[in-house]
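Q: If you scroll down you'll find the structure; I have some questions about it.
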Amino acid sequence: MSSRAARAALLAAAGALPALAVAHTAPAVSALGPLRNRTMPRLSGRGRPDHIALTFDDGPDHLSTPHFLRLLDREGVRATFFLLGSMLARSPGLGKEMAAAGHEIGVHGWAHRPLALRGPRATRDDLARARDLVGDVTGERPRLFRPPYGVMSTAAHLACRDLGLTPVLWTAWGEDWRRRATPRSVHDTVMGSLRGGGTVLLHDSDCTSATGSWRTTLGALPALLDTWNSRGWQTGPLRDHGCDRLYSA
């Protein structure tokens, strides 16, 4: 999930077919957080200043996601979950439960592979397969898409336009996928760059992260919610974030 992995994927693609790859991967500059946050507020998920959009990637995971659902339910908080189609295919009942609990469901693709390494047809097929499964399971067509590693490509932008999906990344993350992460480090990493109106990226599964890292994320979540509340920030899904532009696709 790291920016290092994203840059490595971009370099690998660019080295294969220089001219074509540069055109294909040019949108990957959006993976550079500080630049994206300043110049691409829609893609970053900037919303109303009194609200934090809480988002999770890589689920649904039958081993970990239920723990997040229970915690969020106790706190009275709803979030946006960007699901992998390959994970949803293993736990469709859990996906249905997430939607029934009031959480917003977005698309994270079918397989967690860098889009910069895929051609137009493979990119569209991946997104369409995941979108269709999310719609079938939840009964509602998903509107949002978050690319693996936060790296878009020209083919991904075109596929999103064709499929009625809007890409959205984040303004702050917790680096919770790291083996060395702790609940305190996740909290402090998020708060180091988060401002009101921001979108936070966390993970409810360790399927692409260090084994057991979801427990660290779960441990960090109560303190994060308390901190946001103490600053007068409401917490909720992207649909309540005041960024209607995300839903104009």
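The values are calculated or read from the model by the stated rules, or taken from the named source; none is laboratory data. Predicted model, so just to flag it, every value in this text is computed and none were measured. So basically every Cβ, Gly included, is an ideal-geometry build from the backbone, and we count neighbours across all protein chains shown. Heavy atoms of the whole protein, side chains included, go into the accessibility calculation; ligands, DNA and RNA do not. Shrake-Rupley method; radii C 1.70, N 1.55, O 1.52, S 1.80 Å.
Q: Restricting attention to segment 156-194, and to residues there that are in a helix (DSSP H, G or I) and among the acidic types (Asp, Glu), which single residue is surrounded by the fewest Cβ atoms within 10 Å (Cβ to Cβ)?
A: Among those that are in a helix (DSSP H, G or I) and among the acidic types (Asp, Glu), it is Asp162.
Q: Thr216 fails exactly one of the following numbered conditions: (1) more than 16 Å from Phe81 (Cβ to Cβ); (2) outside any helix (DSSP H, G or I); (3) out of contact with any strand residue (DSSP E or B) (no Cβ under 7 Å at 6 or more places or on another chain). What is the number of that condition?
A: (2)
Q: Across segment 112-155, which residue is least open to solvent (accessible area, probe 1.4 Å) among those that are at positive phi and assigned to a helix (DSSP H, G or I)?
A: The qualifying residue least open to solvent (accessible area, probe 1.4 Å) is Gly150.
Q: Please count how many residues of segment 71-111 are in a helix (DSSP H, G or I) and among the aliphatic types (A, V, I, L, M).
A: 9
Q: Take Thr171 and tell me if it is closer than 24 Å to Ser44 by Cβ and touching a Gly at 6+ places or on another chain (Cβ under 6 Å).
A: yes
Q: Just the residues that are charged (D, E, K, R) and without any contact (Cβ under 8 Å) to a residue 12 or more places away in the chain, please, taken from segment 126-153.
A: Of everything in segment 126-153, those that are charged (D, E, K, R) and without any contact (Cβ under 8 Å) to a residue 12 or more places away in the chain turn out to be Asp132, Asp136.
Listed here are the residues, each with its yes/no results for (1) among the hydroxyl-bearing types (Ser, Thr, Tyr); (2) touching a residue at least 40 places away in the same chain (Cβ under 8 Å); (3) under 24 Å from Ser209 (Cβ atoms).
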site: Ala155; (1), (2), (3): no, yes, no
site: Leu169; (1), (2), (3): no, yes, yes
site: Ala172; (1), (2), (3): no, no, yes
site: Arg179; (1), (2), (3): no, no, yes
site: Asp188; (1), (2), (3): no, no, yes
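Q: With the requirement that a residue be part of a helix (DSSP H, G or I) and touching a strand residue (DSSP E or B) at 6+ places or on another chain (Cβ under 6 Å), what does segment 229-244 give you?
A: Leu238, Arg239
Q: In the set Ser230, Ser213, which member is out of contact with any Pro (no Cβ under 7 Å at 6 or more places or on another chain) and open to solvent by 50 Å² or more (accessible area, probe 1.4 Å)?
A: Only one candidate passes the filter, namely Ser230.
Q: Just checking, which of Thr199, Thr208, Thr138, Thr216 is under 24 Å from Arg74 (Cβ atoms) and in contact with an Asp or Glu (Cβ under 7 Å, 6 or more places away or on another chain)?
A: Among Thr199, Thr208, Thr138, Thr216, only Thr216 is under 24 Å from Arg74 (Cβ atoms) and in contact with an Asp or Glu (Cβ under 7 Å, 6 or more places away or on another chain).
Q: Please determine, by comparing only the residues of segment 195-210 that are farther than 21 Å from Leu94 by Cα and either out of contact with any Leu (no Cβ under 9 Å at 6 or more places or on another chain) or among the aromatic types (Phe, Trp, Tyr) (or both), which one is surrounded by the most Cβ atoms within 10 Å (Cβ to Cβ).
A: Step by step, filter segment 195-210, then rank; the result is Gly198.
Q: Of all residues in segment 150-168, which are closer than 19 Å to His241 by Cβ and β-branched (Val, Ile, Thr)?
A: Thr166, Val168
Q: Let me ask you something else. Here is a list: Val134, Val77, Val107. Which entry is under 24 Å from Thr216 (Cα atoms) and under 17 Å from the mean Cα position of the chain (by Cα)?
A: Within the list Val134, Val77, Val107, the selection yields Val107.
Q: Could you tell me which residue of segment 65-111 is nearest to Val200 (Cα to Cα), considering only residues that are open to solvent by less than 30 Å² (accessible area, probe 1.4 Å) and of a type in the set (Ser, Thr, Tyr)?
A: Thr80
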